[in-house]
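Below is one structure, written out as structure tokens; comments come after it.
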């Protein structure tokens with residue numbers, strides 16, 4: 001049986017500096033992402049597109065969503081497989097290609113987690129679970145580009 005999950009939030013543009021969108025340089029790209037009972041996320045566009053470098057942009061949030069979804073599935077699979085992970089920190093990167101007509105798309109994302117594991121003998125098994133986590137990740141299943149996995153394992157002492 002397929003189950004449907006619904007999500008909603010509000011994206012509110014806060015960048016009207018008094019002239020609206022009367023010109024490309026006349027408005028800010030600032031916005032607030034909000035939903036009930038959660039902190040607001042302050043957003044903008046990438047600085048390359050006249051955005052605020054101190055706010056998250058949609059491209060960063062996409063990469064963060066891919067990383068977080070993968071991590072949650074990965075930790076779930078490790079717990080089921082008897083692999084004890086005591087630390088996980090990812091530094092994902094992405095490559096977006098902008099075409100000459102101003103269109104763009106992501107080419108790829110690389111997940112680069114530093115994973116602290118309790119037993120070195122479990123590293124081969126833990127490494128293989130990244131592929132399964134990718135197969136199960138709701139976000140990764142919605143993408144049209146490749147997600148690479150470059151884990152670095154640290155054995156807990």
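Name the one entry in 123, 115 that is in contact with a helix residue (DSSP H, G or I) (Cβ under 9 Å, 6 or more places away or on another chain) and either farther than 30 Å from residue 4 by Cα or in a loop (DSSP other than H, G, I, E, B) (or both).
Only one candidate passes the filter, namely 115.
Only one of 110, 121, 142, 89 is over 16 Å from residue 46 (Cβ atoms), surrounded by fewer than 14 Cβ atoms within 10 Å (Cβ to Cβ) and either assigned by TED's automatic domain parsing to the domain that holds residue 45 or touching a residue at least 12 places away in the same chain (Cβ under 8 Å) (or both); which?
Exactly one residue qualifies, and that residue is 89.
Can you tell me how many residues in segment 53-86 are within 16 Å of residue 151 (Cβ to Cβ), free of Cβ contacts under 8 Å to residues at least 24 places away in the same chain and in a loop (DSSP other than H, G, I, E, B)?
Here the count works out to 0.
Condition test on residue 38, is it under 30 Å from residue 129 (Cβ atoms), surrounded by fewer than 16 Cβ atoms within 10 Å (Cβ to Cβ) and not assigned by TED's automatic domain parsing to the domain that holds residue 123?
yes
Within segment 102-111, does at least one residue satisfy the condition of being farther than 30 Å from residue 28 by Cβ and touching a helix residue (DSSP H, G or I) at 6+ places or on another chain (Cβ under 9 Å)?
Yes, because at least one residue in segment 102-111 is farther than 30 Å from residue 28 by Cβ and touching a helix residue (DSSP H, G or I) at 6+ places or on another chain (Cβ under 9 Å).
The values are calculated or read from the model by the stated rules, or taken from the named source; none is laboratory data. For clarity, every value in this text was computed on a predicted model and none was experimentally measured. Cβ coordinates were reconstructed from backbone atoms using ideal geometry, including for glycine residues, and neighbour counts include every protein chain displayed.
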